[in-house]
Each structure stands twice: as C-alpha cells, then as structure tokens.
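Please treat every number below as a calculation from the coordinates, not as lab data. This is a predicted model, so every value here is computed, not measured. Note that we place each Cβ from the backbone using ideal geometry, even for glycine, and neighbour counts take in every protein chain shown.
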Amino acid sequence: MSAAAPSPATPPQAAPAPPAATGQPTATAAASIPQATPSIPAPAAPAQPAPAPQPAPAKPAPAAQAAPAEPVPSAPPRPAPIQPAPAAAQPPVPARPAAAAQPAVRQVTPMPLAAAPPAIPPAPPHAGAGVQRAPAGRARPKFRHWMLILSFLVLVLLPLTASAWYLWTRAQDQYVSVMGFSVRKEDQKGGIDLLGGLGAFTSSGGASDQNILYQFIRSEDMVRAVNNTIDLKARFSAGWPRDFVYAYDPSGTIEDLVKYWNRQVTVLSDDKTGIITVKTAAFSPQDAKTIADAIYDASSKTVNRLSDQAREDATRYAREELNKAEQRVEEVRGRMTQYRTRTQLVDPKAEFESQMGILTQLQSQLAAALVAQDMLVENGTLESDPRFEQGKKKIGAIESRIQQERDKFSTSRDGPGGESYAKLVADYEQLTADRTFAEATYTAARATYDKALGEAQRQTRYLAAHIVPQLSEQSQRPNRPMVLALMALFLTLGWSILLLVYYSVRDRA
C-alpha cells in the first residue's frame, strides 16, 4: 500500500483542458474528477467575454471551471480555496473509459470550488486613460421656468408693489383715542351685574354689565344714537374718494355704516374685572375724541335706563300691595264718614257712654227715693201723709225715666237719626274693625315698599370712566409695515401652494 501511493511532493496533474473552440468538457475530464467529500456542485456562472490576457500565478485550474453553465441566482460568498490533499489521503478512483485514442490516466485533482456570483469583469488596466468625454451641455431655462417666474411677478411682486404704493401715497393717517370705564354701584367694590344683582326681586339671568355694554356698543342702536349726536358719515368719509379702502363711502346704508363702525371702534371686555376698553379711530385726533365721548354718553344713558328698569321691577310688587292697602283705607274711611253723616254721631260709643251716665244717675236717685220712702214707713207715717204720697210719685217718675232711657238701647225704639243705639253701635264697631285692619295692612305694605325702595336705591348703577379720552398726537393706523409684511407672507404662501399643485398634476400626467 505504501509503495503504491505517490509522493506528497509530487504535484497533481490537471486534467486535459477542453478545446478552446467549442468550450465543451470532454468525457475524460468529466470522468477524471474525483470527489474527496460529498458536496453539491454549484452551477457555474454564465459565459462572458474573456478579458484581455493577464499574467496570473500558476495554480491548478479545476476542470469544472471549463464547463459551461446556465444563468442561476447569485451564490453564497466564495469560500477560501482548498489546497489539494496528498495523494495518500485520496482513495483511488477508477477512471471511466475514455476514447480509444487516449488511455485512462489515474490522477488526483483538487475539489472544485463553488461558482462565484456573476460579476462585471474588471476593466483592463489603463483602459480609459486615453478616452476623452465631451463635457455636459449648459442648462437652458425651459418654457415652464419662464412661466413660473412670470407667475411670481404677477401674483406676488405686482400686488406687493401696488399695495406699497397705495399704503404710502393714498392711505390716510388715522388717529386712535382710548377710553376705559366700568359699571359700578354704591355698595359694590368691583364689577357688578346690572340685571343679575337685585337678588330675589329680579328675574334676569346671569348677564353681566360688560357683556351688555359690549353688545350695545357694537350694535346698530349705538350707531344710531351716536349718529344723531354727531355726523358719523361726514367724519368717517373724510378721506373719500382718495382713500377708498380705509375711508367710508358716504352713499352707503345704515348697515354699511354699522360694518364700518365695527372696523373703526374696537371694544375689549375683561370679564374678571368688569372693565371695558374702547378704542376709536378717525382721520383726525379731534374726531376720534368726539366719537369716544359720544360712546361714553350713550353708554351712560343706557346704564341709567337699565338701572331704572331694574329698580322698577324690584319695587313693582311692593308698590302694588301698597296701592291696594291705600285703596282699602280710603274705602273704610269713606264709609265711616257716611255713617257719621247719616247718624249725626261722631262717636256712638261716647254717646252710649253719656246715656249710660244718665241712666246711672237716675238709678242713684231712684235708690235715694226708695230709701226715703222706706224710712217714712218705718217711722209709722200714715199713707195720708203728703210726704208719703210725694215719695211714691217721685219713685214712679224716676222709674219711668229709667225705663225711657233703657228703651233707647233696645231695637224697638228709635235713637238718634231714627235708628236704635244697638244697630248704631254694631255698625260703628264693624267700621272700626275694618278701619283698624286696613290701617294695619297699609302700615305693613308701606314698610315693605320702603324697604324694597331702599334696597333698589342702594344698588343704583352708574358709569365710571377711569381712562378719559385724549387727543392723539401721532397716527397709529394703518400700520403700513405690518400690513405689507402680512400681504407678502400670504401672497408667497398662496403662490407656493399653486406651484406645488402644478408640479403634482404635471408629475401625475
């Protein structure tokens, strides 16, 4: 076995290369490839044009590299080359019978390497050293580029130029007058509620003073009230028609005047403090101050009117009850007057007491006469004695008089005015009770009304101005740099959006 093995130093002989013309492997080359270890042969790369001949190191070329292969997907990374093993480590592989002209040769070849992925062959050295390429042509603007520039000029620069020219040459200066005020009452330290501060006497909601005045100043009622005091159209149209953007068109309607009013008059309301700030703008400092003063006067009248209305609502119920009590007292007093006129008695009770005094005196005299008569009887005075007879007559007269006085108080006899004392006294007592009740009701109603009136008067509202309108010394409107900057921003933004839309449509097309 050892004598038959070749020496390790002997290099293995490569299989005969296939003919260069055909590029196909021969049967002898295919049969003489031993397989040292089991492996899956990878397909070879597709045939590509051979590069220029280059000197390469002498290495045993595997026979499998000459075999043509079909195009396949890229293979895994190429492994390191495997050195051929000594002949002693390779078992003898019987060679397949070759052609008759070529005897079988026993040889050991290295294991074929995995096929490399297809790659672009490297350019030969100094291949492009002498190649001269023509330089790229100069970029020329196209039609769409000129249209973009033209659109920027028309949509951005031209409006900005026109706006700047108008702002600095045509727009009239406007002066601003500032005024600040709040609605206050005597027993309130801060802002109060005009229609919601009357407690149980009011039925308004939670509307606050500043909200009411805020809406009133911006309303048509305020415009009409101020226009009746001063000529708003003449003051607002001072720059017309030269400044047709910022001036008012004198031929406009009241609705147009209200819109322009809300442009020139700025109202700021602070709900926490109840302070209202009003800024009025006009084409002269005096006009701005005059308009601010007119706004304050109209607002003050409105606050007073609402305060009176709230006070009227608060005292209406108490005043109605007081009126009813007054009518009842007057009615009872009228009936009492008619009673006294009819009976000719100022006070039937006093008349009755006077009659009772007379009756008491008669009864005392009757008692004295009876006592004197009894004394005559006890003394044994005869009935024929004149004193005894006079005593009887006196007693009879007194008794008759007492009966007459008593008959005055009965219903069967007439008293003063043709009526009995009993009926007169009953009517008088009824009238007295009615008068007492009516007077008590009137007293209570009067107290309630006075209390409600005092409460309403303590909540009387008034307009207090803490910032008085003054004459402005410098124009504040229009703010030309700010207006021009905003116009530039929005025009550029709009032009950019149109540009993006154009390119989006162009790319889709």
Highest mean first, what order results for 468-477, 447-456 on Cβ atoms within 10 Å?
447-456, 468-477
Using only the Cα atoms of the range 344-445, build the gyration tensor, take square roots of its eigenvalues as a ≥ b ≥ c, and label the shape rounded, prolate or oblate: rounded if a/c is under 1.5, else prolate if a/b is larger than b/c, else oblate.
prolate
Kindly flag which residue pairs out of 279/451; 324/423; 349/392 have an alpha-carbon separation exceeding 32 Å in this structure.
279/451; 349/392
Electrostatic dipole magnitude of the range 344-445 [Cβ: Lys, Arg +1; Asp, Glu -1; Cα centre; debye, to 20]:
180 debye
Residues 319, 184 in order from fewest to most other beta-carbon atoms within 10 Å are 319, 184
By the mean-Cβ-within-10 Å protection proxy, highest first, 423-431, 275-283 rank as 275-283, 423-431
Among 400, 432, 442 the positive-end extreme of the charge dipole of the range 344-445 (Cβ point charges):
400
Would you mind getting me the FRET efficiency between residue 169 and residue 312? Use the beta-carbon distance for r and R0 = 51 Å, nearest 0.05.
0.35
For residue 185, go through the aspartates and glutamates and keep the ones whose alpha-carbon is under 16 Å away, minus same-chain ones fewer than eight residues off.
193, 209, 308, 455
